[in-house]
Amino acid sequence: MGSNSPRKSFAKRLTRRIVLIVSAIIVAMLFVVAVSSANIIEDEATRSVHNMLHASISDIERPLYELEAQTQTVASHVQIQISNVNVLDMISHKSVELSKIINGLAIVIPPSGNSGEYVVYNFRDAHNDIRSIRRSDAGVVQSEWIQSVLSSRQPVWTVPYFAIHRGDPQAPRVTTYCSPVFGPDSSVIAVVCADITLDWLEKKIASLRPFENSLTALSCSEDVVIGIDDTLLLSQIKKEFAENKDLQSLGDDMRKGVDSVRRRMGKGRNSFFVAYGPLHNGWLLSISCLYRDVMKRNTIMNLILLILGVLGILTVLLVCTRSIRKLTRPITELSDAALNMAKGNFNAPMPAIKSQDEMKNLRDSFVFMQNSIVDYIDELKTTTRENERMESELNVARNIQMGILKSDFPERLHALMVPAKEVGGDLYDFSVNNSKLYFAIGDVSGKGVPASLMMVVTRAVLRFIEDMNMSLDVSLERINDGVAESNSNDMFVTLFVARIDLVTGQMEFCNAGHNPIVVIPPDADPYFLNAKPNIAVGLFPSFKYEAESVVLKPGTRIVAYTDGVTEAERADKSQFGNDRLLAWAADPKTRSFATSNSDVVKSLYDSVNAFANGNPPNDDVTIMSITV
Amino acid sequence: MQVSISSQDSKTLVTLDGRLDTSNVDQFQKDIAPLMQGDNPNIEIDCQRMTYTSSQGLRMFLMLQKSVMARHGKMVMVGMIPQVKEVFDITGFSNIITII
């Protein structure tokens, strides 16, 4: 695996995380801006369309009001001149001639008494010439509008219509204001009908297109809608209004004659809003706009925002990638250097870092660690060399120590010394001279090298005992003096020495603080020999030791040992102890004459080891077996 | 081995708790170092809770005893359990250290 391309690069992860967070923030911001701008644009569009509606209604009503006023004036003249037909004709003619608004004017006199109906009508033709029509048999009075005026006695606006009654093929589309003229008896004596052409109105309506697909309509009646000239489309719209609940309620609201705005009509792409308002004559102007047209501007803005957002994210990505890679390059380099070092190249050069930051600290720590490791390895090499040297020297010392302990055992005696470390502090000695047997066993306090040095000193002074002419207590005093003389460190040696007359069985012994030896008589239970402890050797020069004596039956076996036997421990710190030692001594195999001393020694050593069960010994072990 | 040392009137009371063996004899030597000096050499050692001592431990008590004697003081060891007392008896240390 290349150290330069870890599977999940820290720099990449960091970059990814930062870019993710920044992207999320940008997207959220764009979303908020898009939503609020959509709302603002919608509100703004609705308001402006509503304002446009109001202005347009005023614009449309102005000529209508003017026409109403002029018609009223004509009506007042008609009232005065009702009986003079020629004057009425002139009034009609002049009204058309003088007014800029009135395109045609009819004075309709309903039949009364024995005189029939009479109609005088002047209008401008396609060439702008005024033409006059007088009729007395046209049945105009029977028309819906005149009847409406006669019965309601109120002025009436007609729905727009084509003035085909003028007999002109290019008759314009007009609407007519019909106003009653009252006689002295308050009866309707005439109806004045003024025409106004609607080409201006059609143009006006057509010009009201705030958005591309806006639909502006002036509904004058169920069937006459200026702005929707296509009858098929009109019937379609009417059908939709009849079937769709929303549109039905919209229609109801529109008919109430209050101006308002209805938002969120229709669905999806075709959702729209409507601004509508009534004219004073009951007509209804409405402007419908598709939201998708309104939002076209917003869509463009959103697109720009989106592009800006993407550019922003890309910039962050680029900047993050470059700067994070630059910032983390030292880590990669340090990692390479560390790997190099781990391969054993402890002098691997560390990357140079110029910045004074954590990276520099890390590098300095690495350099420090590198130096420490190099130093430590040097030290370890030295120590190992030193240890090896000491170990080999200790092995030599062990050989020397074992060499000064006798190993040419006679049949009557066997001994074993096993140090806990390379060298030990236990010792034994023996000699057989004629019928006399001498033995000694000792234990220097502590273990290891200090104990072994004392052991060698003690072993040397044991020679005094071999002098059979010297009494045992005096011998021990000499030994004590000899050890004490060379003991500046408060070390001490426990020692048990004995001389046995093999003929009489008498054993003279002197104890210097050593563990009691085990006596195994041929015909009785084994026991610990009761011996005066005196004091361990080496502590008090000139101490007066007392020797004792006991007679042993032939066939008696003596087992001497050091505390490495009784104090051998298991892992749970329980000790081999005196009881186990006595039990071992009472074993028939131990007691049997057939068992050699070397087997007895081995048997006890095995028992102790079996007891310790692998727990390392913490003291030297010495065992000695003698048969009397 | 826990060693606690407290002063009482004219003597120093030392309480021992646990085993004294090869593994802790060096620490023990450091623990009792303050007892090896000073002008109040009388020491009472409470051994009730000392469960074991090796021969190296005996050497520590011997050194302490010698130090106390050099300063004309008195050292007593009290409450020793039989197993520990036996070690002192066998080695003859009972003859040179006062054990109550």
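Yes or no, residue by residue, for (1) among the acidic types (D, E); (2) under 60 Å from the mean Cα position of the chain (by Cα); (3) outside any strand (DSSP E or B); (4) within 14 Å of chain B (Cβ to nearest Cβ):
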{"position": "A:E388", "(1), (2), (3), (4)": "yes, yes, yes, no"}
{"position": "A:N399", "(1), (2), (3), (4)": "no, no, yes, no"}
{"position": "A:H414", "(1), (2), (3), (4)": "no, no, no, no"}
{"position": "A:P450", "(1), (2), (3), (4)": "no, no, yes, yes"}
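Looking at the range A:473-487 only, could you name the residues that are farther than 28 Å from A:R557 by Cα and open to solvent by 50 Å² or more (accessible area, probe 1.4 Å)?
A:R478, A:D481, A:E485, A:S486
Which numbered condition in (1) closer than 21 Å to B:N95 by Cβ; (2) outside any helix (DSSP H, G or I); (3) among the charged types (D, E, K, R); (4) within 14 Å of chain A (Cβ to nearest Cβ) is the only one that B:R19 fails?
Every listed condition holds for B:R19 apart from (1).
So the check is Cβ under 6 Å with 6+ separation or different chains; which pairs have a first residue in the range A:102-117 that's part of a loop (DSSP other than H, G, I, E, B) and a second one that's open to solvent by 50 Å² or more (accessible area, probe 1.4 Å)?
Hits for this filter: A:N103/A:R124; A:G116/A:S136; A:E117/A:P111.
Which condition number does A:M470 fail, the rest of (1) within 14 Å of another protein chain (Cβ to nearest Cβ); (2) surrounded by fewer than 18 Cβ atoms within 10 Å (Cβ to Cβ); (3) part of a loop (DSSP other than H, G, I, E, B) being met?
Exception for A:M470: condition (1).
Checking the condition buried (at least 17 other Cβ atoms within 10 Å of the Cβ) and either assigned to a helix (DSSP H, G or I) or within 14 Å of another protein chain (Cβ to nearest Cβ) (or both), which residue from A:D490, A:D443 passes?
A:D443
Just to check your reading of the model, which residue among A:A217, A:A242 is open to solvent by less than 70 Å² (accessible area, probe 1.4 Å), touching a helix residue (DSSP H, G or I) at 6+ places or on another chain (Cβ under 9 Å) and over 24 Å from A:M52 (Cα atoms)?
Being open to solvent by less than 70 Å² (accessible area, probe 1.4 Å), touching a helix residue (DSSP H, G or I) at 6+ places or on another chain (Cβ under 9 Å) and over 24 Å from A:M52 (Cα atoms) holds for just one of A:A217, A:A242, which is A:A242.
Take A:S431 and decide whether it is in the same structural domain as A:V519 (by TED's automatic domain parsing), assigned to a helix (DSSP H, G or I) and hydroxyl-bearing (S, T, Y).
Working: in the same structural domain as A:V519 (by TED's automatic domain parsing): yes; assigned to a helix (DSSP H, G or I): no; hydroxyl-bearing (S, T, Y): yes.
The answer is no for A:S431.
Take residues that are farther than 25 Å from A:A440 by Cβ and tell me which of the helices (runs of 4 or more DSSP H) falling wholly in the range A:520-613 contain 1 or more.
A:577-586, A:588-591, A:597-612
Test each condition in (1) open to solvent by less than 10 Å² (accessible area, probe 1.4 Å); (2) within 30 Å of A:T73 (Cβ to Cβ) for A:G251 and report the one that comes out false.
For A:G251, the exception is condition (2).
Condition check: touching a strand residue (DSSP E or B) at 6+ places or on another chain (Cβ under 7 Å) and more than 9 Å from every other protein chain (Cβ to nearest Cβ). Does B:T53 satisfy that?
Criteria met by B:T53.
Just for the range B:56-74: of the residues that are more than 11 Å from the chain's Cα centre (by Cα) and surrounded by fewer than 17 Cβ atoms within 10 Å (Cβ to Cβ), which one is nearest to the other protein chains (Cβ to nearest Cβ)?
For the range B:56-74, the residue satisfying everything is B:K66.
Within the range A:493-516, how many residues turn out to be more than 14 Å from chain B (Cβ to nearest Cβ), open to solvent by less than 10 Å² (accessible area, probe 1.4 Å) and of a type in the set (A, V, I, L, M, F, W, C)?
Step one: list which residues in the range A:493-516 are more than 14 Å from chain B (Cβ to nearest Cβ), which gives A:497-509.
Filter again for open to solvent by less than 10 Å² (accessible area, probe 1.4 Å), leaving A:497-498, A:500, A:505, A:507, A:509.
Still in the running and of a type in the set (A, V, I, L, M, F, W, C): A:497-498, A:500, A:507, A:509.
Result for the range A:493-516: 5.
Can you name every residue in the range B:22-35 that is of a type in the set (A, V, I, L, M, F, W, C) and either within 14 Å of chain A (Cβ to nearest Cβ) or open to solvent by 40 Å² or more (accessible area, probe 1.4 Å) (or both)?
B:V25, B:F28, B:I32, B:A33
Of the residues A:E222, A:E202, which single one is farther than 30 Å from A:H77 by Cβ, assigned to a loop (DSSP other than H, G, I, E, B), charged (D, E, K, R) and touching a Lys or Arg at 6+ places or on another chain (Cβ under 9 Å)?
It is A:E222.
Does A:N597 fit the bill of being closer than 26 Å to B:P82 by Cβ, more than 60 Å from the chain's Cα centre (by Cα), assigned by TED's automatic domain parsing to the domain that holds A:L462 and not acidic (D, E)?
Working: closer than 26 Å to B:P82 by Cβ: no; more than 60 Å from the chain's Cα centre (by Cα): yes; assigned by TED's automatic domain parsing to the domain that holds A:L462: yes; not acidic (D, E): yes.
Considered against the rule, which asks whether it is closer than 26 Å to B:P82 by Cβ, more than 60 Å from the chain's Cα centre (by Cα), assigned by TED's automatic domain parsing to the domain that holds A:L462 and not acidic (D, E), A:N597 comes out as no.
Being more than 24 Å from A:H514 (Cα to Cα) and of a type in the set (S, T, N, Q), is that true of even one residue in the range B:52-66?
no
One line per residue, one yes/no per condition, for (1) within 30 Å of A:R269 (Cβ to Cβ); (2) hydrophobic (A, V, I, L, M, F, W, C); (3) more than 28 Å from the chain's Cα centre (by Cα):
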{"position": "A:Y291", "(1), (2), (3)": "yes, no, yes"}
{"position": "A:I300", "(1), (2), (3)": "yes, yes, yes"}
{"position": "A:V310", "(1), (2), (3)": "yes, yes, no"}
{"position": "A:C320", "(1), (2), (3)": "no, yes, no"}
{"position": "A:T332", "(1), (2), (3)": "no, no, no"}
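Quick one: would you say A:A420 is in the same structural domain as A:D620 (by TED's automatic domain parsing), of a type in the set (G, A, S) and at pLDDT 90 or above?
When the stated conditions are applied, A:A420 does not pass them.
Between A:A568, A:A585, A:A560, A:A536, which is small (G, A, S) and surrounded by fewer than 21 Cβ atoms within 10 Å (Cβ to Cβ)? Full working, then the answer.
Values: A:A568 fails: surrounded by fewer than 21 Cβ atoms within 10 Å (Cβ to Cβ); A:A560 fails: surrounded by fewer than 21 Cβ atoms within 10 Å (Cβ to Cβ); A:A536 fails: surrounded by fewer than 21 Cβ atoms within 10 Å (Cβ to Cβ).
The match here is A:A585.
Please work out if A:S592 is in the same structural domain as A:G513 (by TED's automatic domain parsing), over 15 Å from A:M417 (Cβ atoms) and of a type outside the set (A, V, I, L, M).
Values: in the same structural domain as A:G513 (by TED's automatic domain parsing): yes; over 15 Å from A:M417 (Cβ atoms): yes; of a type outside the set (A, V, I, L, M): yes.
Criteria met by A:S592.
Across the range B:84-100, which residue is nearest to the other protein chains (Cβ to nearest Cβ) among those that are open to solvent by 40 Å² or more (accessible area, probe 1.4 Å), under 20 Å from B:R49 (Cα atoms) and assigned to a helix (DSSP H, G or I)?
Among them, the one singled out is B:D89.
Restricting to the range A:78-100, name every residue that is part of a helix (DSSP H, G or I) and open to solvent by 70 Å² or more (accessible area, probe 1.4 Å).
Residues satisfying the conditions are A:Q79, A:I80, A:N86, A:M90, A:K94, A:E97, A:L98.
Quick check on A:N39: is it in a helix (DSSP H, G or I) and more than 27 Å from A:G257 (Cβ to Cβ)?
yes
Considering only residues that are in contact with an Asp or Glu (Cβ under 6 Å, 6 or more places away or on another chain) and either closer than 22 Å to A:T595 by Cβ or among the basic types (K, R) (or both), which ones fall in the range A:379-421?
Those that are in contact with an Asp or Glu (Cβ under 6 Å, 6 or more places away or on another chain) and either closer than 22 Å to A:T595 by Cβ or among the basic types (K, R) (or both): A:R398, A:M417.
Considering A:E202, A:E243, A:E212, which residue is within 24 Å of A:W157 (Cβ to Cβ) and among the charged types (D, E, K, R)? Walk me through it before giving the result.
Values: A:E243 fails: within 24 Å of A:W157 (Cβ to Cβ); A:E212 fails: within 24 Å of A:W157 (Cβ to Cβ).
The conditions single out A:E202.
Do we have any residue at all in the range A:271-283 that's modelled with pLDDT of 85 or more and at positive phi? Quick ask: steps written out before the conclusion?
Start the filter on the range A:271-283 by keeping residues that are modelled with pLDDT of 85 or more, which leaves A:271-283.
Filter once more, so that each one left must be at positive phi: A:282.
Looking through the range A:271-283, at least one residue is modelled with pLDDT of 85 or more and at positive phi.
The conditions are (1) in a strand (DSSP E or B); (2) more than 12 Å from every other protein chain (Cβ to nearest Cβ), and B:G38 fails exactly one of them. Which is it?
Exception for B:G38: condition (1).
The values are calculated or read from the model by the stated rules, or taken from the named source; none is laboratory data. Please read all numbers here as calculations on a predicted model, not as lab measurements. Cβ coordinates were reconstructed from backbone atoms using ideal geometry, including for glycine residues, and neighbour counts include every protein chain displayed. Accessible surface is based on the protein model in full, side chains and every heavy atom, while ligands, DNA and RNA are left aside. Shrake-Rupley method; radii C 1.70, N 1.55, O 1.52, S 1.80 Å.
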